[in-house]
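Colleague: Take a look at this one; I'll ask things after.
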Amino acid sequence: MKYAVFFLALFAMPPLGVALSFNRRWMKYAVWAMIGALAAYQATAINFFSYEEYRGSSRGMEVSVAYLMALALLVAAAIKGRLPKPIPSFGAFLYVVYFLLCLPSYATAESTLFSWMETWKMVMLYLVYLSVRAYLNTTENARSLVNGLAVFAIWNFLLVVKDHFCGVYQPHGAFPHQNGLAMAMHVFANMFFAHVLINGWKRSWLGGFAFVAASACIVRTYSRGAIAMMPISFLVTFALSFMSAAHGRKMGMIWRVVPVAAIGLVGLCLMLPRIVERFAEAPEASKNTRIELALCAKEMILDEPWRGVGINNWGIKINAPYEYAERAGRFPNRGEDFKDGIVETVYLLVGAECGIPALVAMLAWFLWYLVLCVVLAKKLSGTYYAAIPAGLAGGLVACYLQSCLEWVLRQQMNLILLMVFFALLDHLSANVSLLKSESKTKGSGSV
């Protein structure tokens, strides 16, 4: 039944795209629906060739309502003549290079079907990127996209509150895992923190709620890596926001930090016993497993430095009859049904599965957008839009550092959001002069 509904929805997307082309407001609702679909991702996605027990970064050929809405947005933009180029920015070019450098790993893959699952995901992610660029090209309304992201952050907070009262120790909101929630909320918290600093609470009331909601989500997950990244990321955001704010607002920005710090201190004190417990009573086995799996990844890289052992083939190659685990000195109790875990860092995972060239390309892709945030924060200084790159810089720093301890940036929902953020940054970069003129005309506005 679910597949029948999916195909009906698929066939409905081109007519929906035609309808959206008649009204920009409808396109705004469509991009909100694309983001909103992430709030119920598991319920609105289906897996072709599903392998739910597989220990890898992709467990099926996944198709989500978010992808279908992205397709409708592209149809609407094409009708309006506002479709972006196939590779509309240097950041998009780096992603395509990264994608192409992952393909040689098919030659060493044990299962090309599993490899296809991951490459399919990468293609769908690019579809989301292009759809957001198409939406912004057509409507030139970045503020409505930011509003939709704010509502998504607040919705996750409500889910976390619900889980808290249901006795869930580490709630995960709309995400499949608490670490995914924590990493995503870092980006949201920092982006809306910058909105509060630069545009003020009154001009950014929705962003203020989103900032508080996202910050609370991070702390309540009790994710050690995410909590450790909070002061670092917020410091980066504050520094760039201070640099980007209009000269007359810098002192006001400092005063706005005082209530934020006070509220944060109260919240920290309330949750401090549980946070201390998470750090103090972390099992030694967890640390040892991370180290051992990292050594396994090293063995794979040494064995196949240029091609890797096969994209999305980690879950196969880490187990018998392959000897990477034994070569790394890892000897778990391997029963007949034993399946070893996945390496807990996205960098070693990509290096092991796809080789060093693909890893370098991924790092270049990540770092390009971090550099772009700094550049845009300076270029958009004194405008409403400066808050977006200033905040995303802090959020991305947290994501990239936390990814040394987690492989979350190979998970579907986090990557979809990352593509939305990257598309937003590229739109700002391509329209700096127009956005500065708009801010002078409209003022700071509200988010």
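The values are calculated or read from the model by the stated rules, or taken from the named source; none is laboratory data. Bear in mind that the values here come from a model prediction, so they are computed numbers and not experimental data. Neighbour counts run over all protein chains shown; Cβ positions are idealised from the backbone, glycine included. For accessibility, only protein heavy atoms count, side chains too; no ligands or nucleic acids. Shrake-Rupley method; radii C 1.70, N 1.55, O 1.52, S 1.80 Å.
Colleague: Output the residues belonging to the stretch 54-67 that are open to solvent by 20 Å² or more (accessible area, probe 1.4 Å) and within 19 Å of the chain's Cα centre (by Cα). Before the answer, list the steps.
Modeller: Of the residues in the stretch 54-67, the ones open to solvent by 20 Å² or more (accessible area, probe 1.4 Å) are 54-55, 59, 61-62, 65.
Result: R59, E62, V65.
Colleague: Given the condition outside any helix (DSSP H, G or I), among the small types (G, A, S) and in contact with a helix residue (DSSP H, G or I) (Cβ under 7 Å, 6 or more places away or on another chain), answer yes or no: does some residue in the stretch 75-85 qualify?
Modeller: Filtering the stretch 75-85 down to residues outside any helix (DSSP H, G or I) leaves 80-85.
Subsequent filtering for residues that are among the small types (G, A, S) retains 81.
Now narrow it down to the ones that are in contact with a helix residue (DSSP H, G or I) (Cβ under 7 Å, 6 or more places away or on another chain): none.
No, because not a single residue in the stretch 75-85 is outside any helix (DSSP H, G or I), among the small types (G, A, S) and in contact with a helix residue (DSSP H, G or I) (Cβ under 7 Å, 6 or more places away or on another chain).
Colleague: Take R82 and decide whether it is basic (K, R), open to solvent by 20 Å² or more (accessible area, probe 1.4 Å), within 25 Å of M69 (Cα to Cα) and in contact (Cβ under 8 Å) with a residue 60 or more places away in the chain. Let's see the steps before the verdict.
Modeller: On the way: basic (K, R): yes; open to solvent by 20 Å² or more (accessible area, probe 1.4 Å): yes; within 25 Å of M69 (Cα to Cα): yes; in contact (Cβ under 8 Å) with a residue 60 or more places away in the chain: no.
Here the answer is no, as R82 does not meet what is asked.
Colleague: Which members of the stretch 197-229 meet the condition of being under 18 Å from the mean Cα position of the chain (by Cα) and aromatic (F, W, Y)?
Modeller: Matches in the stretch 197-229: F211 only.
Colleague: Just one of T108, T138 is touching a residue at least 12 places away in the same chain (Cβ under 8 Å), farther than 30 Å from Y322 by Cα, surrounded by 18 or more Cβ atoms within 10 Å (Cβ to Cβ) and of a type in the set (S, T, Y); which is it?
Modeller: Numbers: T108 fails: farther than 30 Å from Y322 by Cα.
Only one candidate qualifies: T138.
Colleague: Give the residue, chosen from A386, A423, A398, that is more than 17 Å from the chain's Cα centre (by Cα) and of a type in the set (A, V, I, L, M, F, W, C).
Modeller: Details: A423 fails: more than 17 Å from the chain's Cα centre (by Cα); A398 fails: more than 17 Å from the chain's Cα centre (by Cα).
None of the other options fit; the residue is A386.
Matching residues to (1) at pLDDT 95 or above; (2) open to solvent by less than 40 Å² (accessible area, probe 1.4 Å); (3) among the polar types (S, T, N, Q):
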position	(1), (2), (3)
R274	no, no, no
A294	no, yes, no
F331	no, no, no
K339	no, no, no
G355	yes, yes, no
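Colleague: In the stretch 337-391, what residues are within 17 Å of M122 (Cα to Cα) and among the acidic types (D, E)?
Modeller: Listed by number, the list holds a single entry, E353.
Colleague: Take the conditions open to solvent by 50 Å² or more (accessible area, probe 1.4 Å) and either touching a residue at least 12 places away in the same chain (Cβ under 8 Å) or in a loop (DSSP other than H, G, I, E, B) (or both) and apply them to Y29. Does it pass? Even if it seems obvious, please write down each step before you answer.
Modeller: Details: open to solvent by 50 Å² or more (accessible area, probe 1.4 Å): yes; either touching a residue at least 12 places away in the same chain (Cβ under 8 Å) or in a loop (DSSP other than H, G, I, E, B) (or both): no.
Criteria not met by Y29.
Residue by residue, here is whether (1) modelled with pLDDT of 95 or more; (2) farther than 15 Å from W365 by Cβ; (3) out of contact with any Lys or Arg (no Cβ under 9 Å at 6 or more places or on another chain); (4) of a type outside the set (F, W, Y) holds:
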site	(1), (2), (3), (4)
V75	no, yes, yes, yes
L94	yes, no, yes, yes
V97	yes, no, yes, yes
C102	yes, no, yes, yes
T139	no, yes, no, yes
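Colleague: Continuing with the same structure: Check the stretch 206-217 and report whether any residue there is modelled with pLDDT under 95, part of a helix (DSSP H, G or I), open to solvent by less than 10 Å² (accessible area, probe 1.4 Å) and touching a Lys or Arg at 6+ places or on another chain (Cβ under 8 Å).
Modeller: Checking the stretch 206-217: not a single residue is modelled with pLDDT under 95, part of a helix (DSSP H, G or I), open to solvent by less than 10 Å² (accessible area, probe 1.4 Å) and touching a Lys or Arg at 6+ places or on another chain (Cβ under 8 Å).
Colleague: Restricting attention to the stretch 306-327, which residues are assigned to a loop (DSSP other than H, G, I, E, B), more than 26 Å from C399 (Cβ to Cβ) and either at pLDDT 90 or above or open to solvent by 20 Å² or more (accessible area, probe 1.4 Å) (or both)? I'd like the intermediate steps shown before the answer.
Modeller: So in the stretch 306-327, the residues assigned to a loop (DSSP other than H, G, I, E, B) come out as 306-313, 318-323.
Keeping just the survivors that are more than 26 Å from C399 (Cβ to Cβ) gives 306-307, 319-323.
The answer is W306, R307, A320, P321, Y322, E323.
Colleague: Shifting gears a bit: If A43 passes every condition in (1) part of a helix (DSSP H, G or I); (2) under 26 Å from M185 (Cα atoms); (3) open to solvent by 60 Å² or more (accessible area, probe 1.4 Å) but one, which one does it miss?
Modeller: (1)
Colleague: Check whether at least one residue in the stretch 163-182 is small (G, A, S) and over 21 Å from N414 (Cβ atoms), and report yes or no. Let's see the steps before the verdict.
Modeller: Narrowing the stretch 163-182 to residues small (G, A, S): 167, 173-174, 180, 182.
Add one more test, that the residue is over 21 Å from N414 (Cβ atoms), and what stays is 167.
Yes.
Colleague: A further question follows. For residues in the stretch 160-175 being open to solvent by less than 70 Å² (accessible area, probe 1.4 Å) and either without any contact (Cβ under 8 Å) to a residue 40 or more places away in the chain or in contact with a strand residue (DSSP E or B) (Cβ under 9 Å, 6 or more places away or on another chain) (or both), which is farthest from A40 (Cα to Cα)?
Modeller: G167
Colleague: While we're here: Sort out which residues of the stretch 360-383 are open to solvent by less than 50 Å² (accessible area, probe 1.4 Å) and aromatic (F, W, Y), and write them in order of number.
Modeller: Result: W365, F366, Y369.
Colleague: Cβ-Cβ distance below 7 Å, separation of 6 or more or different chains: which pairs start in the stretch 8-26 with a residue that is within 13 Å of M69 (Cβ to Cβ) and end on one that is among the small types (G, A, S)?
Modeller: Filtered contacts from the stretch 8-26: M13/A72; L16/A72; G17/A72; G17/A76; L20/A30; L20/A72; L20/A76; W26/A19.
Colleague: Name the one entry in A43, A70 that is of a type outside the set (F, W, Y), within 23 Å of L181 (Cα to Cα) and under 18 Å from the mean Cα position of the chain (by Cα). Spell out how you get there, then give the answer.
Modeller: Values: A43 fails: under 18 Å from the mean Cα position of the chain (by Cα).
The match here is A70.
Colleague: Can you name the condition, by its number, that P171 falls short on among (1) over 30 Å from E52 (Cβ atoms); (2) not aromatic (F, W, Y); (3) not in a helix (DSSP H, G or I)?
Modeller: Only one criterion is unmet by P171, namely (1).
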